[in-house]
Amino acid sequence: MRIAMVLGLAGLCLLSPCGVANSVADDTRRNSGQQNEGAVTIMSGTTFDGHATIVRDMAAMLDDSQSLRVLPMIGQDPAQTLKDVLFLRSVDLGITHSTVLNHFARTGELGPIRERLVYVAKLFNEELHLLARADIATVQALNGKTVNVGREGSGTQIAARILFEALGLQVQEAHLDTAQAVEALKSGDIDATILIGTTPIAGLAQLGPESGLTFLPIPYSKGLEDDTYPSALTHDDYPALIANGGRIDTVAICAVLVALQDTANAERQAKLGRFIGRFFSTFDALQQAPNHPKWREVNFAATLEDWQRAPQAKAWIESAKSKAFAEARERKSFKAFLTQAGDVVSTDEVSEANQQKLFRAFKAWSKFQQSN
């Protein structure tokens, strides 16, 4: 009996780890599924153009670790980001440029992207920086000169070609990255370089007068209206390169948050819906410091002409508008109530804070009245 009992206990000991292992495996699979269901990836550009900072802000503000994980991804440039959203299964959203969207819609080289892409929000404008040697005074002087326009096929090259076509200039294109371009400018190997990013661009803010470089003003010419907006760089943006009170006219390009229009993938659409709900509902917090100042320029209800908005974003905005109209009507009724009750409640004696408390009580009373 004693031997049998020992063997029985030994058998239980041998069997238990297997049961525990299965339980642990089930928990692991369950947790893995939950983590993947709540994970949303956002592709940014390089750390140079500022998009990485914008995506990092979103991750910090929107990630609640329970229903939504926002995972920033560092990419290359707005043109490549667009391709990543279209063709990489691991990329849910990305920040690109309106010029890039319109370019590929015109050429058709990436397929019917107006049907395959939706935008979540039209973001901020990003300034085009035309940096040249100090001996070049105007953009017209670049005719026939060598200008760096970023790598072949990049968003910067697309914008540069729009600019030079509008200005009637012929240039020799160079295809260098940002650091290489600045060094090539200093050595005289190229005459100018174009850079696009959230102002101020960190790599340019480090340049001083001793660099022998300067920003060239860009006139807002006919032919630029469809793709760009008038803008300017100031002393506050680049105190070492622009004199106090100085202003360099330039053009800006709209950054856009886009996603794949994959209606057949219910899980992907659910994730996008969760992201949009949290993005829009916490937007006021995104516009506060220490987040990037560019957030304060964003009106997420603004529309992007000729492009489809994500259905979840459209529904959220329409709902918010309806609530705003309803609250405006309620406030109008409340003001009328205070006026009519002037013999009981003097609006002159009621502070703004107390009016807010009274308004909340009035809303609760109205809701109760409607339900009975």
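The values are calculated or read from the model by the stated rules, or taken from the named source; none is laboratory data. Only a predicted model underlies this, so the values are computations on that prediction, with no experimental measurement involved. Cβ placement follows ideal geometry from the backbone for every residue including glycine, while neighbour counts extend to all protein chains displayed.
Can you tell me which of 197, 223 is in contact (Cβ under 8 Å) with a residue 24 or more places away in the chain and within 22 Å of the chain's Cα centre (by Cα)?
Result of the check over 197, 223: 197.
So, of the residues in region 54-80 that are of a type in the set (S, T, N, Q) and touching a residue at least 40 places away in the same chain (Cβ under 8 Å), which turns out to be surrounded by the fewest Cβ atoms within 10 Å (Cβ to Cβ)?
Checked region 54-80; the qualifying residue surrounded by the fewest Cβ atoms within 10 Å (Cβ to Cβ) is 67.
Please indicate, with yes or no, whether at least one residue in region 298-316 is hydroxyl-bearing (Ser, Thr, Tyr) and in a helix (DSSP H, G or I).
No: region 298-316 contains no residue that is hydroxyl-bearing (Ser, Thr, Tyr) and in a helix (DSSP H, G or I).
When the residues of region 205-254 are filtered to those that are of a type in the set (A, V, I, L, M) and touching a Pro at 6+ places or on another chain (Cβ under 8 Å), which remaining residue is surrounded by the most Cβ atoms within 10 Å (Cβ to Cβ)?
251
Test of understanding: among 166, 184, 202, 159, which residue is of a type outside the set (S, T, N, Q) and surrounded by fewer than 15 Cβ atoms within 10 Å (Cβ to Cβ)?
202
Just to be sure I understand, how many residues within region 104-138 are more than 21 Å from the chain's Cα centre (by Cα) and closer than 20 Å to residue 178 by Cβ?
Number satisfying all stated conditions: 6.
Residue 147 passes all but one of (1) under 16 Å from residue 249 (Cβ atoms); (2) surrounded by 15 or more Cβ atoms within 10 Å (Cβ to Cβ); which number fails?
(1)
So residue 101 passes all but one of these: (1) modelled with pLDDT under 95; (2) buried (at least 16 other Cβ atoms within 10 Å of the Cβ). Which condition number does it fail?
All conditions are met except number (1).
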